[in-house]
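Below you'll find the structure, written out as structure tokens, and then a few comments.
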Amino acid sequence: MSQRLTINQNNKPIYDIVYETTFERLAQELEAFEIHTKKVCIITDSQVKGLYANDVCYVLQEHCKQIAVFDFPDGERSKNLDTVNLIYEFLITNKFDRKDLIVALGGGVVGDVAGYVAATYLRGIDFIQLPTTLLAQVDSSVGGKTGVDFDQYKNMVGAFYMPKLVYMNLSTLKTLDDRQYYSGMAEVMKYGLIKNANFYEWIINNMYEIHERDLETLEEMVLKSCTYKKIVVEKDPTEKGERAILNFGHTIGHAIEKAKNFELTHGECVALGSVAAAYISWKRDLISMDEYYEIRDMFVPFNLPISIENIDPEELYALTASDKKMEGDHIKFILLKKMGKAMIDTTVTKEEIIAGINEIYFTDEDWDE
Ligand code: NAD
Ligand code: GLY
């Protein structure tokens, strides 16, 4: 273990990602940031607090000035400005200043909320990420996107703000329930589809070990995923261009998340959105029919949905068009140019998107066939 990746910008190192199987080396990693001079606020959710907050406090308490823990109810419904306000209040009441440190302990919701607080409290306070879901380890803790939902709009308020360190304790993936674990697999498969077809094959060939959550396989899978994300975010940290390919499956996926009132996980929605986007890619002759069906069917063994009931395709289209992935009047859609390569396309029509949605829409009539 103890592998690491460095995220650079303009050829300068910005932060490290370290891969461990316990929290034991966290204090050592934080020495470089003079942890002994800092108060630490651990921001977490109600579920992760019970699992890991004590372990992290135990490791850090001898090494920092003071530790406080703030938790909020787990789940996407907490990812809003009300939670942000409660955290500001907590930080102010407990006299946190700009030299102190925020620790985001949890999944993507915690990371996005705590990162946004860190970006804005006192115009910016240092923070680190301790991601505890597969989705957060392979995606959301890397790349500096922070933010919250606003009314029905996903991630509408936010900031690009880089952590000082991402410390991954891969063993935390063992306590994830199956649904949340496989939710993260949607983002892992995304990297294969958009960046490297060999990695896609690797995932399929290592299916048994992935199901077993074998630690060595997890380390390789998380490290490879982060490497693909690193390549993209180093070139385009603030999504002026190429970073948008990471949104493969997310345009329709985000619309499903909203339409279903966040009853499906982020990864489940990304899987559905990926099937629809792959279908449009096939219909444009970018990928073959066999490749389309392989992409669709390979989500199934990872417990991810490939069809959905009770949606209104027109409503989903409208939600897609109100998402922030717009460029002027056009939806910035991500298609597959071929297996392992994605492209940004602003010419995808309403008819194509509706056809993609109909491909994943499971109606009562489908039973009769
Ligand atoms: P999440 O943070 O809601 O976590 C899912 C559930 O797992 C929660 O109930 C949580 O309490 C629980 N949990 C977390 N770690 C656990 C563990 N080790 N053991 C047991 N339970 C645990 O969801 P998520 O899937 O991690 O993140 C989804 C969010 O990430 C979405 O809001 C999405 O928009 C965001 N996201 C952000 C980026 C980014 O670049 N910032 C990228 C992708 C997704
Ligand atoms: N998950 C998309 C991104 O980080 O850009």
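Structure notes:
- Selected from T349, T6, T21, residue furthest toward positive end of dipole (the chain; charges at beta carbon): T6
- Bridge type composition, region 94-243 - antiparallel percent by DSSP, nearest 5: 40
- If you take the alpha carbon atoms of region 1-44 and fit the smallest convex hull around them, that volume is 110 Å³ per residue.
- Shape of region 141-185, Cα gyration tensor, a/c cut at 1.5: oblate
- Kyte-Doolittle mean at least 0.5 and Cα axial length at least 20 Å: DSSP H helices in the chain: 266-283
- Percent antiparallel among DSSP beta bridges (both partners in the chain, rounded to 5): 40
- Applying the Kirkwood pairwise sum to the alpha-carbon positions of region 1-88 produces a hydrodynamic radius of 15.0 angstrom.
- Cross-link partners for K65 among the lysines, with Cα-Cα distance under 28 Å and sequence neighbours closer than 8 places in the same chain left out: K38, K39, K49, K95, K99, K164.
- Projected area averaged over orientations for region 330-369, convex hull of C-alpha atoms, nm²: 3.9
- Pairs of C-alpha atoms in region 245-369 farther apart than 25 Å represent 16 percent of all such pairs.
- Computed over the chain: relative contact order in percent, which uses C-alpha pairs under 8 Å that are six or more apart: 14
- At q = 0.23, 0.28, 0.29 Å⁻¹, base-10 log of I(q)/I(0) for region 224-288 (Debye sum, equal scatterers on each alpha carbon): -0.99, -1.02, -1.03
- Percent of Cα-Cα distances greater than 23 Å, calculated over region 83-231: 40
- Column: log10 I(q)/I(0), Debye, Cα scatterers of region 151-307, q = 0.09, 0.14, 0.16, 0.17 Å⁻¹: -0.30, -0.77, -1.02, -1.16
- Region 1-148 shape via C-alpha gyration tensor axes, a/c threshold 1.5: rounded
- Bins of 5 Å, starting at 0 and running to the largest distance - Cα pair percent for region 86-152: 4, 19, 28, 23, 16, 9, 2
- The Rg/Rh ratio for the chain is 0.97, where Rg is the radius of gyration of the alpha carbons and Rh is the Kirkwood radius.
- With Cα atoms defining each centre, region 168-221 and region 77-140 are spaced 26 Å apart in the structure.
- Cβ-based charge dipole, the chain, positive-most Cα from G144, T217, H266: G144
- Packing rank of 80-89, 241-250, where each peptide gets the mean count of other beta carbons within 10 Å, highest leading: 241-250, 80-89
- Descending Cα extents along the principal axes, region 299-358, whole Å: 38, 32, 19
- Surrounding net charge for I354, when Lys and Arg each add one and Asp and Glu each subtract one, Cβ distance under 14 Å: -4
Throughout, read-outs are computed from the coordinates displayed, never taken from laboratory work. As the structure is a computational prediction, the values presented were derived from the model and not from experiment. Neighbour counts are summed over all protein chains in view; Cβ atoms, including those assigned to glycine, are modelled from backbone coordinates with ideal geometry.
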